[in-house]
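The values are calculated or read from the model by the stated rules, or taken from the named source; none is laboratory data. Since we're looking at a predicted model, the values are computed, not measured. Reconstructed Cβ throughout: ideal geometry from the backbone, glycine too, with neighbour counts over all protein chains shown.
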Number of protein chains: 2
Amino acid sequence: MDISKYAKREILQLAERPTPRTPIPRTGDIINLGAGDPDFNQPPIVAEWIKEAIEAGETHYTFQGHPEFKKTVAEYYSKYGVKIDPETQVIPTSGGGAALFLTLAATINPGDEVIIPDPAFQGYINPIKYFGGRIVRAKMRKTEDGYFRPNIENIEKAATEKTKLIIICNPDNPTGCIYTMEELKEIARIATEKDFLILSDEIYNEFTWMGKKHTAIATIKEAVDRTIIAMSLSKTFAWTGLRVGYIIAPKELAELIWRVPIGVSTIPVPIQIAAAKMLREGWRFHEEMKREYKKRIEHCVKRLNEIPNIKCVHPEATFYLFPDITETGIKSTEYTNKLFEEERVRVAAGSTFGEMGEGHIRIALVASIEKLDEAINRIERLHKKLKK
Amino acid sequence: MDISKYAKREILQLAERPTPRTPIPRTGDIINLGAGDPDFNQPPIVAEWIKEAIEAGETHYTFQGHPEFKKTVAEYYSKYGVKIDPETQVIPTSGGGAALFLTLAATINPGDEVIIPDPAFQGYINPIKYFGGRIVRAKMRKTEDGYFRPNIENIEKAATEKTKLIIICNPDNPTGCIYTMEELKEIARIATEKDFLILSDEIYNEFTWMGKKHTAIATIKEAVDRTIIAMSLSKTFAWTGLRVGYIIAPKELAELIWRVPIGVSTIPVPIQIAAAKMLREGWRFHEEMKREYKKRIEHCVKRLNEIPNIKCVHPEATFYLFPDITETGIKSTEYTNKLFEEERVRVAAGSTFGEMGEGHIRIALVASIEKLDEAINRIERLHKKLKK
């Protein structure tokens, strides 16, 4: 049966999603530092909150999201000085991925151009392609000391009459950089001049280091009317399997997004209620995780830099390391394949994130220091073999 | 700010989704029989199951759905004699609406024709339009004794070279009919001859009456390779606010649907686990609900038929009544507006479901017999006023 004749055209242009995709076991010999799934479990109070909500009969349709969730989101994000009307500006979504999908679903016509940095989170690619958007990469620049930074000149060059949207990931996955206010102002200026929208993926906003703070592009007056913020509890509260994200958008844009006929608001009501409580009361749990991530980052950066042919900067944010492995002389996919096949350590190849990611690997610090230490031992062993 | 220039074209053709949409209170003077949100709450065990799953650390990504959920779905549906491979054929979705959206998202190119009956669940309209599909209505026929039935001749006439898909709702919302095996065989024949897909929305499969049983089109050999089944726990287990649905599809079609880049599988993992348990152990709860619905149907059909100018057949399935109010001499929207404004009872106008629904109203029996009785008292009062 030739299934392709039944398919939406764009679907066939997407990389195949293998079914079934066997999950890599967390246990045993393999150390999986590939995906950004925090290794922390939920504090028991979350289970209690959900149970209470169900017992209270909170199991019926909420067509526009639970008011309490939307209210709490608006309160939470107001810490950046952005004023948000919960009723008209907050859209609950089933995680950050759905926030991205819905934003594109509401805005992209075939042929529209979408600017994304290079490197960038690989999850942006398929949704843009799916809606027939043309991806235009704006290469980041690499500073002398090895940091990636947004390159305003490249963004300016990438912007055309056809640009509908720029996606920025701030703080950035995979590079760990935080956009500065100056950089954001430049992006806001270009978006205003060329009249396109800004999708600001800020799901790592709470994981900042080195005394740096997250900067929200929606605080820039010029940008606020054209900025859609994609957020998620997945990283902040190790909430990945509970699927809670949200969009914050100007009223008119939020109305467009609400119109995407995806069905009833996609977060189960008791989970919206628990998520609201978490956004108010979950910060001690978050701080504990954050302290642990900080230890992991410091430990691993130090250890990685002791290995010849690897250079690793301390990220400004996120819980990823994005070390430079250029000096090994092999491509990042070859490197990650060898590391997995020979040493059973899964990390992501830098080229997954774009041309500019070549020569790098992304290590998600989602395991205990002991496990990370063992992973680095194995990386060290690989490097010794590569040298021969 | 002219927001339309930022919009995906098709979005602007959809009926506006008002934001915020104030939910109609269940309490107080208003009796809301508009939406199909069962008035039953979850048994406490559901809260326990979810709690246990969270405490067991089941809060991490499952990129392809939880294996236990998929396995249970395959086991459950096998009662119709359909063999399903859980790993490759079951896709968890955030309710039945998302199942519909994803199916269309994987298959519809602009200009493709989609056949839907008239009347039909109004929720099919916007997703088809959104993907640029052309809606072709196949009018049902009305039997002498007042039952709606699929009209094979009209389906045959509606099918063209451009037909990509037919959507059937079996058992049918709003008419309450169950497709017979003969009718399904005819539809399978037409779909095979004209080579289009069948989306079988079977979310009311468990609510059958009058000794009738649900018939699954996937049991027809000719149809099974081209049939996508959209299902949900929302009605079966009063699960609306917990958002669990699923798609069962042939492997190749399931692979297409998995490729829609909507993000990680959209049902929170602990809820997938609880849904699996419910599909195995929740049938006593279901039977209790079913007994109550049966009482409500019998009571209300009898009472409605005692009111002049209203005729109500006993549905073969679902918990909706779809009485004929033609003899009142007013349009169904005028009728429902009057009923709401003058008597504070919310029901759906038949014309919402298509031209053929004109002259009918849909009453969702999602309130206690006492409340339904009061609603019918008010309907009776309206009819007396209308007569003057």
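Do we find a residue being buried (at least 16 other Cβ atoms within 10 Å of the Cβ), touching a residue at least 60 places away in the same chain (Cβ under 8 Å) and within 20 Å of A:Phe121 (Cα to Cα) anywhere in region A:324-339? Yes; the residues of region A:324-339 include at least one that is buried (at least 16 other Cβ atoms within 10 Å of the Cβ), touching a residue at least 60 places away in the same chain (Cβ under 8 Å) and within 20 Å of A:Phe121 (Cα to Cα). State whether the residues of region B:68-85 include one that is assigned to a helix (DSSP H, G or I), under 26 Å from A:Pro92 (Cα atoms) and within 13 Å of chain A (Cβ to nearest Cβ). Yes, the conditions are met somewhere in region B:68-85. Residue count for region A:132-154 satisfying the condition of being in contact (Cβ under 8 Å) with a residue 40 or more places away in the chain and under 20 Å from the mean Cα position of the chain (by Cα): 5. The conditions of being under 28 Å from A:Gly34 (Cβ atoms) and either of a type in the set (Val, Ile, Thr) or not assigned by TED's automatic domain parsing to the domain that holds A:Asp112 (or both) are met by A:Ile178. For region A:197-239, a tally of residues being free of Cβ contacts under 8 Å to residues at least 60 places away in the same chain and closer than 21 Å to B:Ile3 by Cβ returns 10. Each residue in region B:53-67 was checked for being outside any loop (DSSP other than H, G, I, E, B) and surrounded by 22 or more Cβ atoms within 10 Å (Cβ to Cβ), and 2 pass.
Only residues that are touching an Asp or Glu at 6+ places or on another chain (Cβ under 6 Å) and either within 13 Å of another protein chain (Cβ to nearest Cβ) or part of a loop (DSSP other than H, G, I, E, B) (or both) were counted across region A:124-145, and they come to 3. Looking at region A:233-328, none of the helices (runs of 4 or more DSSP H) lying wholly inside it contains 3 or more residues that are hydroxyl-bearing (Ser, Thr, Tyr). Checking each residue in region A:153-210 for being farther than 16 Å from A:Leu100 by Cα, acidic (Asp, Glu), out of contact with any helix residue (DSSP H, G or I) (no Cβ under 7 Å at 6 or more places or on another chain) and more than 14 Å from every other protein chain (Cβ to nearest Cβ) picks out A:Glu153, A:Glu182, A:Glu193.
With respect to the conditions (1) among the β-branched types (Val, Ile, Thr); (2) assigned to a helix (DSSP H, G or I); (3) crowded, with 23+ Cβ neighbours inside 10 Å; (4) in the same structural domain as B:Ser234 (by TED's automatic domain parsing), B:Thr88 lacks only one, and its number is (3). Looking at B:Ala106, B:Ala120, B:Ala98, which one is touching a helix residue (DSSP H, G or I) at 6+ places or on another chain (Cβ under 7 Å), closer than 21 Å to B:Asp172 by Cα and either in the same structural domain as B:Met181 (by TED's automatic domain parsing) or not in a helix (DSSP H, G or I) (or both)? Answer to the selection: B:Ala120. Here region A:113-123 is the region considered, the condition is being touching a Ser or Thr at 6+ places or on another chain (Cβ under 8 Å) and surrounded by 20 or more Cβ atoms within 10 Å (Cβ to Cβ), and the residue that is farthest from the other protein chains (Cβ to nearest Cβ) is A:Pro119. Give the residues of region B:46-78 that are without any contact (Cβ under 8 Å) to a residue 12 or more places away in the chain and not charged (D, E, K, R), sorted by residue number. Listed by number, the residues that qualify are B:Ala47, B:Ala56, B:Gly57, B:Ser78. Name the residue that is surrounded by the most Cβ atoms within 10 Å (Cβ to Cβ), counting only residues in region B:214-235 that are among the polar types (S, T, N, Q) and touching a Phe, Trp or Tyr at 6+ places or on another chain (Cβ under 8 Å). It comes out as B:Ser232. The residues of region A:157-204 that are buried (at least 23 other Cβ atoms within 10 Å of the Cβ) and either of a type in the set (S, T, N, Q) or farther than 24 Å from A:Gly123 by Cβ (or both), listed by number, are A:Asn170, A:Asn173, A:Thr175, A:Ser200. Taking the criterion of being closer than 17 Å to B:His60 by Cα and surrounded by 17 or more Cβ atoms within 10 Å (Cβ to Cβ), the residues of region A:42-52 that qualify are A:Gln42, A:Pro43, A:Val46, A:Ala47, A:Ile50. Of everything listed in (1) surrounded by 17 or more Cβ atoms within 10 Å (Cβ to Cβ); (2) touching a residue at least 60 places away in the same chain (Cβ under 8 Å), the single unmet condition for A:Gly81 is (1).
A quick yes/no check of all residues on (1) within 30 Å of A:Tyr335 (Cβ to Cβ); (2) surrounded by 23 or more Cβ atoms within 10 Å (Cβ to Cβ); (3) over 21 Å from the mean Cα position of the chain (by Cα):
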position	(1), (2), (3)
A:Leu256	no, yes, yes
A:Lys277	no, no, yes
A:Arg280	no, no, yes
A:Lys295	yes, no, yes
A:Lys302	yes, no, yes
A:Ile307	yes, no, yes
A:Phe319	yes, yes, no
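Residues in region B:11-34: is at least one modelled with pLDDT under 85, among the acidic types (Asp, Glu), closer than 30 Å to B:Lys129 by Cα and not assigned by TED's automatic domain parsing to the domain that holds B:Ile229? Scanning region B:11-34 turns up at least one residue that is modelled with pLDDT under 85, among the acidic types (Asp, Glu), closer than 30 Å to B:Lys129 by Cα and not assigned by TED's automatic domain parsing to the domain that holds B:Ile229.
The number of residues in region B:79-127 that are of a type in the set (A, V, I, L, M), touching a strand residue (DSSP E or B) at 6+ places or on another chain (Cβ under 9 Å) and within 24 Å of B:Gly241 (Cα to Cα) comes to 9.
Could you list all residues from region A:330-353 that are farther than 21 Å from A:Met140 by Cβ and not acidic (Asp, Glu)? Listed by number, the residues that qualify are A:Ile330, A:Asn337, A:Lys338, A:Leu339, A:Phe340, A:Arg344, A:Val345, A:Arg346. Please determine whether any residue of region A:240-247 is under 20 Å from the mean Cα position of the chain (by Cα), of a type in the set (Gly, Ala, Ser) and at the interface with another protein chain (Cβ under 7 Å from one of its Cβ atoms). Yes: region A:240-247 contains one or more residues that are under 20 Å from the mean Cα position of the chain (by Cα), of a type in the set (Gly, Ala, Ser) and at the interface with another protein chain (Cβ under 7 Å from one of its Cβ atoms). When region A:214-232 is filtered for residues that are more than 7 Å from every other protein chain (Cβ to nearest Cβ) and either assigned to a helix (DSSP H, G or I) or not hydrophobic (A, V, I, L, M, F, W, C) (or both), the ones remaining, listed by number, are A:His214, A:Thr215, A:Ile217, A:Ala218, A:Thr219, A:Lys221, A:Glu222, A:Ala223, A:Val224, A:Arg226, A:Thr227, A:Ser232. When the criteria are applied in full, B:Ala367 meets the requirement of being in a loop (DSSP other than H, G, I, E, B) and either farther than 26 Å from B:Lys295 by Cα or at pLDDT 95 or above (or both).
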